[in-house]
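Everything below concerns the one structure shown next.
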Amino acid sequence: MANLPDHRPDPEELLRRVQAEERRAGRSRLKVFLGYAPRVGKSLRMFDEGRRRKLRGEDVVVGAVQGNVTPDVREIVSRLEVVPCIGERHAGRTYEVIDLATLFRRHPGVCLIDELAYDNPPGSRNPQRWQDVQELLDRGIAVITAVNVQHIREQQDRVQQITGKRAAHSAPEEFLREADEIEVVDAPPEALLDRTGQGKMPDAHQLAELRELALLLAADVVDRQLHEYLAAHGVAVRWGTQERILVCLTPRSDAAPMLRSGQRNALRFHGALLAAYVEQPGLPPDDRERLESHLALARELGAEVHCLQGTDFVETILDFAREQRVTQLFLGHTNRPQRVWLSRTPIDRLIDAAEDFDVRLFPHQEG
């Protein structure tokens, strides 16, 4: 008789599930406001929720608030009970440490904690603030907190690739997966730039990538929680392909951001990533070399690569997209002077004709 596959769960995986269930059952609720950039408004949203909960009769206190707050945040905090942090000096630096002892005695229904990814001074009860939050939760105190995606430890390499900078403090993604609710503070990048000016902020393209990263992170956390719940209750799920993403390549396109964004979305939505280009006879050697580089990256990222033959770029792409049941088109476009836009480009025509697809544009500089 042939050996039947063993479907019994791994003992270590079973133990991890049981411990996670026990931990959740014995603690209070955690809500996280996740921002994609500084000054996006996550602290304002967090404290405003605390204000509204207090108006509904809940017992709300502030356990930590960052020192440099905007006037609107300061005004909201002034209406709430605050348990001040304890100032501690170490190596010439002043730290603001959550007063856990007072919070334990006070035992509010809800505690608002700003700056989740904050390092406590050496010798503290907990090395990091997120661990303070864990203790509050374990004591039956619900916590609402706020953090930016650049402070999530597992995301810091990607954020550094986007912005060229790395945050000094961090909290683990595993902590986010313990949250009962995650809310992305999704202000449009353009509005953020208008409100803050360029200054030290990332540019519009970087903000768009950070925003996408935060949205995907939050969605991934929810997906993981769903999978864990279904697995713990013996429910088997088979995911079908939900999205089919087509990245349209040309020699002059800025292919890397399009392909990497397509890969992240395809992975997130359990979908397929395709890359296609329309063959152009007589390409100059430099253009051919750039195109081959784009195709190599597409293959490296797991895309299905297709070389299309056709005299009309727009019709060739659209026919292929419909044939492949594509749901999203990723296109590059050039930031040209206004006078050039008096004539319609193939991209303009493609956008107008792509009624069956979601179209996403990636700007690049004309070479």
Subject >> Under the Karplus curve 6.51 cos²θ - 1.76 cosθ + 1.60, θ = phi - 60°, whole-Hz ³J(HN,Hα) for region 167-174, x wherever Gly or Pro sits >> reply: 5, 6, 10, 8, 10, x, 4, 4
**OP:** Arrange the peptides 35-44, 61-70 so that the one whose residues have, on average, the most other Cβ atoms within 10 Å appears first.
**Re:** 35-44, 61-70
Subject >> Positive dipole terminus of region 23-232, leading residue within Ala37, Ala187, Gly63 (C-beta point charges) >> reply: Gly63
Original post:
What is the ratio of the Cα radius of gyration of region 23-232 to 2.2 N^0.38 Å, where N is its residue count, to two decimals?
Top reply: 1.01
Subject >> Between region 95-151 and region 202-220, the alpha-carbon center distance in angstrom >> reply: 26
**OP:** Output ³J(HN,Hα) for region 134-147: one whole-Hz value per residue in order, computed from phi by the Karplus curve 6.51 cos²θ - 1.76 cosθ + 1.60 with θ = phi - 60°, and x for Gly and Pro.
**Re:** 4, 5, 4, 4, 5, 8, x, 9, 5, 10, 10, 9, 9, 7
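Could you work out the percent of alpha carbon pairs in region 53-147 separated by over 21 Å, rounded to a whole number? Can you show the working numbers first?
On the way: 1326 of 4465 pairs.
Tail fraction, whole percent: 30.
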Subject >> For region 21-98, convex hull of alpha carbons as volume per residue, Å³ >> reply: 157
Subject >> Alpha-carbon radius of gyration plus Dmax, which is the widest Cα pair, for region 244-364 in Å >> reply: 13.8, 42
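Sorted by mean Cβ packing within 10 Å, highest first, what order do the peptides 252-260, 295-303 take?
Result, highest mean first: 252-260, 295-303.
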Original post:
Roughly speaking, what is the centre-to-centre gap between region 66-82 and region 293-325 when only Cα atoms are used, to the nearest Å?
Top reply: 52
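Coordinate-derived values only; no laboratory data. All values reported here derive from a predicted model rather than from experimental measurement. Positions of Cβ are backbone-derived with ideal geometry, glycine not excepted, and every protein chain shown enters the neighbour counts.
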